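The values are calculated or read from the model by the stated rules, or taken from the named source; none is laboratory data. All figures in this text were calculated on a predicted structure; none of them were measured in a lab. Here Cβ is always computed from backbone atoms with ideal geometry, including for glycine, and neighbour counts include all displayed protein chains.
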Amino acid sequence: MGTVPGIPALGPPCRRRRSALGTWPLSGVFYIGLGNRFDGDRVKAYPPGSVIVLPGDTWHFHWAKSGEYITQVSAIGPLGLEYLDPADDPRQQDRT
């Protein structure tokens, strides 16, 4: 379990995890959309206190549409993380 800050961005990358994931917005508004292509018109807003359970292997994207947010996430691992476009994976970017 941990907290994850969201930073405003345009066109966030689509991703999926192997395990189900529980997310609780603690501050700000958390926007999440389902699918394998970002579409800002298809995101759903979750205010603080909401509970979101995302099944494993679900392509999704989240967005700090209205500013920063902080979420608490919980899952039973291994989580795994796969980006639809491997070029979007920050773990693979050249850090030189």
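Here's the yes/no breakdown for (1) in a loop (DSSP other than H, G, I, E, B); (2) in contact with a Ser or Thr (Cβ under 8 Å, 6 or more places away or on another chain); (3) at pLDDT below 85; (4) surrounded by 14 or more Cβ atoms within 10 Å (Cβ to Cβ):
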{"residue": "A9", "(1), (2), (3), (4)": "yes, no, yes, no"}
{"residue": "P12", "(1), (2), (3), (4)": "yes, no, yes, yes"}
{"residue": "S19", "(1), (2), (3), (4)": "yes, no, no, yes"}
{"residue": "P25", "(1), (2), (3), (4)": "no, yes, no, yes"}
{"residue": "N36", "(1), (2), (3), (4)": "yes, no, no, no"}
{"residue": "D57", "(1), (2), (3), (4)": "yes, no, no, no"}
{"residue": "F61", "(1), (2), (3), (4)": "no, no, no, yes"}
{"residue": "P78", "(1), (2), (3), (4)": "yes, yes, yes, no"}
{"residue": "A87", "(1), (2), (3), (4)": "no, no, no, no"}
Filter segment 38-55 for residues that are under 21 Å from E82 (Cα atoms) and in contact with a Pro (Cβ under 9 Å, 6 or more places away or on another chain); which is surrounded by the most Cβ atoms within 10 Å (Cβ to Cβ)? F38
Inside segment 63-76, can you point out the residues that are part of a loop (DSSP other than H, G, I, E, B), surrounded by 14 or more Cβ atoms within 10 Å (Cβ to Cβ) and at pLDDT 85 or above? K65, A75
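Just need a number here: residues in segment 39-55 that are of a type outside the set (A, V, I, L, M) and closer than 19 Å to P12 by Cα.
6
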